[in-house]
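Notes follow once the structure below has been shown.
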Amino acid sequence: TKLFTALGAALDERLERRERFVRASRDLTMAAKKAIFELQRLKSSLRRLRDTQTQEAWAKTEQTFDRLQGLLRGGILKELEATPAFSDTYWQYHQVFSPGVQEYVEALAFRHWFKDARILQFQATCEKLAPFPLEVSDYLLGLCDASGEVMRLAVQSSALGEQGVAFEASSFLDTLRRECTRISARTRRAWPPSMQQDLDRKLVTMGESLQKVQDVCYRLCL
Amino acid sequence: TKLFTALGAALDERLERRERFVRASRDLTMAAKKAIFELQRLKSSLRRLRDTQTQEAWAKTEQTFDRLQGLLRGGILKELEATPAFSDTYWQYHQVFSPGVQEYVEALAFRHWFKDARILQFQATCEKLAPFPLEVSDYLLGLCDASGEVMRLAVQSSALGEQGVAFEASSFLDTLRRECTRISARTRRAWPPSMQQDLDRKLVTMGESLQKVQDVCYRLCL
Amino acid sequence: SGFAAVATALEHEGQLRERLRLQRDELDVAVRSLETQLSRLHYEVDWSDAVAGARQQLRTIGSGFLELQSLVPEGMFYKYNDLWRQCSIHIVQSCLLIRFFETVHAPGPQFSDNLDQSQANDSVETCTAALVTKDEVLEMLDGEKAPTQPALRLDLEEYLLGLCGGIQELARLAANRVVLGDYATPRKLAFFCNQVYAGFRLLNFRNDSLRRSYDALKYAIQRLDSILYDLRI
Amino acid sequence: SGFAAVATALEHEGQLRERLRLQRDELDVAVRSLETQLSRLHYEVDWSDAVAGARQQLRTIGSGFLELQSLVPEGMFYKYNDLWRQCSIHIVQSCLLIRFFETVHAPGPQFSDNLDQSQANDSVETCTAALVTKDEVLEMLDGEKAPTQPALRLDLEEYLLGLCGGIQELARLAANRVVLGDYATPRKLAFFCNQVYAGFRLLNFRNDSLRRSYDALKYAIQRLDSILYDLRI
Amino acid sequence: SGFAAVATALEHEGQLRERLRLQRDELDVAVRSLETQLSRLHYEVDWSDAVAGARQQLRTIGSGFLELQSLVPEGMFYKYNDLWRQCSIHIVQSCLLIRFFETVHAPGPQFSDNLDQSQANDSVETCTAALVTKDEVLEMLDGEKAPTQPALRLDLEEYLLGLCGGIQELARLAANRVVLGDYATPRKLAFFCNQVYAGFRLLNFRNDSLRRSYDALKYAIQRLDSILYDLRI
Amino acid sequence: SGFAAVATALEHEGQLRERLRLQRDELDVAVRSLETQLSRLHYEVDWSDAVAGARQQLRTIGSGFLELQSLVPEGMFYKYNDLWRQCSIHIVQSCLLIRFFETVHAPGPQFSDNLDQSQANDSVETCTAALVTKDEVLEMLDGEKAPTQPALRLDLEEYLLGLCGGIQELARLAANRVVLGDYATPRKLAFFCNQVYAGFRLLNFRNDSLRRSYDALKYAIQRLDSILYDLRI
């Protein structure tokens, strides 16, 4: 019984920590979704930061993203730092807080494309998240998710008569898909099966997004 | 339009005839289920027709089965005889009225086992259904269904302390399963896939019924 | 054992089904080759060759089909019918195409290479093309003359499913005829298909494959309408 | 063109598959009849007749199997193997039963109809029955002598799946032998199956269907254990 | 005992499968990189560089594929074939693209940036591009000359599935070439794909995955037809 | 390209996972052979040999396990842990058995071949056997003495899942010990398992595999209780 009392205490501690990670991850997810929504609502014509009005709107999104980083630090990172073995705890609960980190990466990648029409690189993403250590898988899976947002923006913009976005989105998604497909030949060896299935599913979705954007481009060219 | 009016009339006639077959089949099914239930309620100790009381009860079931045959004649058979090409209509709507015929065969086979503990043969079944022409597939599929009823009776009887039934049922089901499994190597060539799947499914159920009865026998032997 | 009679019956049934399957596979090859022949309609402006060739092939198919059906014992048509059902449907579909192009006027003189003029005639345009009947399909297979007692048999549903398939094929064809520069045929196709569709609307369906085919027709008709609309602007 | 050659090749493949299927169906009938023969073990106290009869039938099956496999072109064994896979498994399963009952002692003298006495001997009981090997299965099919180069082929996986099926059949048999009043055989069956199961535990399965069959073995063994337990109580 | 031998055999099979899987993973990386190379066709007007680069990469893939297949023991091709099946299909698909663009005329002089003019030539347009044969795929992998006995092996089904995949890729490409302002290639693509599709219609599929791929072809062809139609309107 | 850094990282990860998998497969074989050794408990009255042999094998397993874990970089235990999770669970399960039989008294003197007498003692019977702790499992793997800093690591959940598996195994064993004529051990097993089960009831589970294993324990306990009941009558 003494043995099981000790075991019970250890299990309970795990349960509670797990719960805290779940909550921190969920908070980050919600905030990241809101940040993406905010970007989607910006008139895409504002994208190239041409005037003061644009700069104001853009500055506002910057604040949103600062808050996101604050949430990461005050949530998942703080919880990790409270444990004696940072790295160990990181991996023990990685699956639990992954969704939040991936959604954050998705928001960052979408914002980066919004501004520069380019892929947000791994190194740059790591720097943005620092001192939180970003795992390659969270980067890739978050990046893949951004493709859906890019597609949505492209379709909406072309419906509003702004044609350039669709072509930019098409070439962006094409490049992204090629890179991700290429890398997926390597992840197959490096990742556990469930994670690989996740990536494969996202690649299929990305292919469909690309197809939709290419159809838009084709219609625009007629 | 004249063409389509004629087509419409032909289609409607088919729809109505089909409806009549559905109804006739359903009536037969319900009546057959009731007949089976009546047999299940008979004390199984009455089975060997030992006394007058038994003979009375048995005579009552005979009436029930006469009514079943009447339903077949007045329903499906009558409808078939009302068409110019009996055999053609038979096959055209065979799938529609099959469920009723199979349930009738099931009731007959169960009754036969109840009385004699033997398999009701194809020829004998044909004679009982005459002048309605019985198809081999309806015979086999109906026969398979009877195994579930035999199992139920055996389990209930042994719970009531009557042991002989379980052993009889065990040897009956074993023989039946062997015969049906053997025949299923031939039906695979002779039947369309959907019908074969039906048989395969029923054979699995029959195997489970046999297993249950054998378990009862084993417990009784300890 | 006791099942001996049953086993013998099944053995015979199995052998028959086997023979029917083999014969059906041969028929299937011939039907596919007929469809390849008719696919020339999609990329040849003049269709007379393709249609005449298809007519020729129908004869072979007819005799193969006859051979198949004569294996079936009296009164057992519906027992084995599931085996060649798809073949029947594809045959009807092809007959619909052949009959359409045999009875619509050849594209020669009245071919409108003047888009504007054809547009003017548009609202009064009718189409003389005939919808193949079930008996005509049997005649086309059996030989030239109308046989008093056709040796071949076609189920009503097979015929109707074949019509649906044929209309779908005509809708696809309309777009490709435009690509070939043939603007007159698509109008006739649209008129014809709309007529047939109107006929289908008179029928009552139960919830089966026929109803699904009929539902799919609606999209084919919409596609034809949008082609007609494109031609007008 | 190029497609004609492809069509011919596909046609040949299709025909071969069809012939293999027909031959397989015949083999299947024979295998089921073998199993019917062996099911006599469930309800006849003396098993010598059933086993001898099964032996006899194995010869016919062997020659049918040989005919089937000789249709397969060199190097294409694994291309078509899935067609007769179930047959192979059932054959191995039956061979396991035959071999078991040929090598376990006949039920005659040492048959213990005295429950108490057999209980006393229990802890020292061993079982002399032999597990059929893959080569022995081929020998049983090919004929009496060990062929240097067997004309028949069996995949390792088929052999192992057949063993799993055989063990499950033996577990079912154990309960039914008790019903027949034969208390000695179930003990031997339990000992034998446990030994085979111990062998299986040494194997490293990366293969899905094998692993599933192996998992199912566990329940068969538990059932045998509980029968043994019941007999003791 | 007998199980030790079985355990060893299973162990060997497992190790071989593991080695094949590793080799396949490497091949997979190379095949995906080839596809990346060919995806340049979607956004570069001049395709000569992309196609030449792909040709180059094929050599590496060929030697990797050879290394993989030489691990397979005699007669076991079909036992392990499922491991690299997807690779084979993707290779055939890429070879179809390479061969198409090597044999269709270069986009230089006859490139029609004048839509109306190309329309005029439309009805007489043909396409000289060649469909890669199964032997040619092996040659492209093995090296320049036609090897009398190719060291590599490709299953017929893999070849046909690869063709289906290639045609679908060409359909996707057609829309994107229009976006690039290249109106001539889509016409050729449509002509070519329709021809290949006509070939496929001659085949008799009894095979499920092939039939599904063939059904998917129909949509690709419809998409190409509608692109052609759009270009005409 | 831009993904070069990512590709390199993944390449390293992949190689490591590959090495771990190979090492894990070797460990798996050793663990299975340990379980085979322990399965002797089911059919040998005297268990001392089986337990001593298992102890011996644990050493080999320990060093293989150490080799595996030392491949894992600092702090990445949980990143790769899924690979050997099943091994850990089976090891704990076997340690529970070994420890139980090392600490329960040998069946020699206090072995009750007198059913009635043992029945009398039944209600006051206790069991001295010890439940292996997580640290003890590590000691058993690492060597004799308690290491101040164990080189091996076991996750808490793996330990608990292993206990559940061990209890299940003990329940199976109880029935088989009865068959061997050993009536004393089943009583001790029942007492011991009930105690452990009481411990488990103190824990809070979330909805995971651990909860499912705990739920399954209930049936094992019921089975033990019914054996105890049988022994009493």
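The values are calculated or read from the model by the stated rules, or taken from the named source; none is laboratory data. This structure is a prediction, so every number in the text was calculated from the model and none was measured. Methodologically, a virtual Cβ is constructed for each residue, glycine included, from the backbone with ideal geometry; neighbour enumeration extends over all protein chains shown. Please note that ligands, DNA and RNA were not included when accessible areas were found on the heavy atoms of the full protein model with its side chains. Shrake-Rupley method; radii C 1.70, N 1.55, O 1.52, S 1.80 Å.
What do you reckon, is A:Pro131 free of Cβ contacts under 8 Å to residues at least 60 places away in the same chain, surrounded by fewer than 16 Cβ atoms within 10 Å (Cβ to Cβ) and away from every other protein chain (no Cβ under 13 Å)? Give the steps one after another, and end with the answer.
Working: free of Cβ contacts under 8 Å to residues at least 60 places away in the same chain: yes; surrounded by fewer than 16 Cβ atoms within 10 Å (Cβ to Cβ): yes; away from every other protein chain (no Cβ under 13 Å): yes.
Judged against the criteria, A:Pro131 is a match.
Please list, ordered by first then second residue, the pairs with beta carbon atoms under 7 Å, 6 or more apart or interchain, first in region B:144-170 and open to solvent by 50 Å² or more (accessible area, probe 1.4 Å), second at pLDDT below 85.
Sorted first by the residue in region B:144-170, then by its partner, the pairs are B:Glu162/B:Ser44; B:Glu162/B:Ser45.
Counting only residues that are over 19 Å from the mean Cα position of the chain (by Cα) and not in a helix (DSSP H, G or I), how many does region D:44-78 have?
Narrowing region D:44-78 to residues over 19 Å from the mean Cα position of the chain (by Cα): D:44-46, D:67-78.
Then drop every residue that is not not in a helix (DSSP H, G or I), which leaves D:44-46, D:71-76.
So the answer is 9.
Taking D:Gln195 as the residue in question, decide whether it is within 14 Å of chain E (Cβ to nearest Cβ) and more than 23 Å from D:Leu34 (Cα to Cα). Break it down stepwise before answering.
Values: within 14 Å of chain E (Cβ to nearest Cβ): yes; more than 23 Å from D:Leu34 (Cα to Cα): yes.
Criteria met by D:Gln195.
Test each condition in (1) in contact (Cβ under 8 Å) with a residue 60 or more places away in the chain; (2) at positive phi for B:Glu106 and report the one that comes out false.
Of everything listed in (1) in contact (Cβ under 8 Å) with a residue 60 or more places away in the chain; (2) at positive phi, B:Glu106 misses just condition (2).
Working only within region F:23-43, note down all residues that are open to solvent by less than 50 Å² (accessible area, probe 1.4 Å) and of a type in the set (Asp, Glu).
F:Asp25, F:Asp28, F:Glu35
Given the criteria open to solvent by 20 Å² or more (accessible area, probe 1.4 Å) and either modelled with pLDDT of 95 or more or in a helix (DSSP H, G or I) (or both), does B:Ser25 qualify? I'd like the intermediate steps shown before the answer.
On the way: open to solvent by 20 Å² or more (accessible area, probe 1.4 Å): no; either modelled with pLDDT of 95 or more or in a helix (DSSP H, G or I) (or both): yes.
Taking the combined requirement at face value, the residue does not satisfy it.
Filter region F:69-98 down to the residues that are hydroxyl-bearing (Ser, Thr, Tyr) and away from chain A (no Cβ under 14 Å), then identify the one that is surrounded by the most Cβ atoms within 10 Å (Cβ to Cβ).
Step one: list which residues in region F:69-98 are hydroxyl-bearing (Ser, Thr, Tyr), which gives F:70, F:78, F:80, F:88, F:94.
Now narrow it down to the ones that are away from chain A (no Cβ under 14 Å): F:70, F:88, F:94.
Numbers: F:Ser70: 11, F:Ser88: 23, F:Ser94: 26.
My answer is F:Ser94.
Take the residues in region D:220-229 that are free of Cβ contacts under 8 Å to residues at least 12 places away in the same chain and either open to solvent by 30 Å² or more (accessible area, probe 1.4 Å) or under 21 Å from the mean Cα position of the chain (by Cα) (or both), then tell me which one is farthest from E:Thr8 (Cα to Cα). Before you say what the answer is, go through the steps one by one.
Taking region D:220-229 and keeping what is free of Cβ contacts under 8 Å to residues at least 12 places away in the same chain, we get D:222, D:226, D:229.
If we keep only those that are either open to solvent by 30 Å² or more (accessible area, probe 1.4 Å) or under 21 Å from the mean Cα position of the chain (by Cα) (or both) too, we end up with D:222, D:226.
Working: D:Gln222: 28, D:Ser226: 33 Å.
Only one residue fits best here, namely D:Ser226.
For region A:61-71, give me each residue that is more than 13 Å from the chain's Cα centre (by Cα) and open to solvent by less than 10 Å² (accessible area, probe 1.4 Å).
A:Thr61
Quick one: would you say C:Val6 is over 20 Å from C:Val137 (Cβ atoms) and surrounded by fewer than 18 Cβ atoms within 10 Å (Cβ to Cβ)?
On the way: over 20 Å from C:Val137 (Cβ atoms): yes; surrounded by fewer than 18 Cβ atoms within 10 Å (Cβ to Cβ): no.
The answer is no for C:Val6.
For D:Arg40, indicate whether it is free of Cβ contacts under 8 Å to residues at least 24 places away in the same chain and within 13 Å of another protein chain (Cβ to nearest Cβ). Break it down stepwise before answering.
Numbers: free of Cβ contacts under 8 Å to residues at least 24 places away in the same chain: yes; within 13 Å of another protein chain (Cβ to nearest Cβ): yes.
Yes; evaluated as a whole, the condition is true for this residue.
Go through region A:161-178 and give me each residue that's over 13 Å from A:Val213 (Cβ atoms) and in contact with a helix residue (DSSP H, G or I) (Cβ under 8 Å, 6 or more places away or on another chain).
Selection gives A:Glu162, A:Arg178.
Those residues that are under 18 Å from the mean Cα position of the chain (by Cα), closer than 18 Å to B:Pro99 by Cβ and open to solvent by less than 20 Å² (accessible area, probe 1.4 Å), I need them from region B:184-222; list them, please.
B:Gln196, B:Leu199 - these are the residues of region B:184-222 that are under 18 Å from the mean Cα position of the chain (by Cα), closer than 18 Å to B:Pro99 by Cβ and open to solvent by less than 20 Å² (accessible area, probe 1.4 Å).
Which is away from chain C (no Cβ under 14 Å), out of contact with any Gly (no Cβ under 7 Å at 6 or more places or on another chain) and of a type in the set (Asp, Glu), of B:Asp145, B:Asp174? Full working, then the answer.
Working: B:Asp174 fails: away from chain C (no Cβ under 14 Å).
Every option except B:Asp145 fails the conditions.
Where residues in region E:165-219 are out of contact with any Gly (no Cβ under 7 Å at 6 or more places or on another chain) and not in a helix (DSSP H, G or I), which of them is most open to solvent (accessible area, probe 1.4 Å)?
Initially, region E:165-219 is screened for residues out of contact with any Gly (no Cβ under 7 Å at 6 or more places or on another chain), giving E:165-203, E:205, E:207-219.
Still in the running and not in a helix (DSSP H, G or I): E:180-183, E:202-203, E:205, E:207.
Working: E:Leu180: 51, E:Gly181: 22, E:Asp182: 0, E:Tyr183: 48, E:Leu202: 80, E:Leu203: 0, E:Phe205: 10, E:Asn207: 46 Å².
Applying the filter and picking the extreme gives E:Leu202.
Being within 14 Å of chain D (Cβ to nearest Cβ) and either surrounded by fewer than 21 Cβ atoms within 10 Å (Cβ to Cβ) or in contact (Cβ under 8 Å) with a residue 12 or more places away in the chain (or both) narrows it down to one of E:Leu58, E:Leu20, E:Leu66, so name that one.
On the way: E:Leu58 fails: within 14 Å of chain D (Cβ to nearest Cβ); E:Leu66 fails: within 14 Å of chain D (Cβ to nearest Cβ).
Exactly one residue qualifies, and that residue is E:Leu20.
Please work out if E:Phe101 is open to solvent by less than 60 Å² (accessible area, probe 1.4 Å) and farther than 26 Å from E:Ala175 by Cα. Break it down into steps so the answer makes sense when it comes.
Working: open to solvent by less than 60 Å² (accessible area, probe 1.4 Å): yes; farther than 26 Å from E:Ala175 by Cα: no.
It is false that E:Phe101 is open to solvent by less than 60 Å² (accessible area, probe 1.4 Å) and farther than 26 Å from E:Ala175 by Cα.
With the requirement that a residue be open to solvent by 50 Å² or more (accessible area, probe 1.4 Å), hydrophobic (A, V, I, L, M, F, W, C) and under 18 Å from B:Val22 (Cβ atoms), what does region B:72-113 give you?
Once the filter is applied, which keeps residues that are open to solvent by 50 Å² or more (accessible area, probe 1.4 Å), hydrophobic (A, V, I, L, M, F, W, C) and under 18 Å from B:Val22 (Cβ atoms), region B:72-113 yields only B:Ala82.
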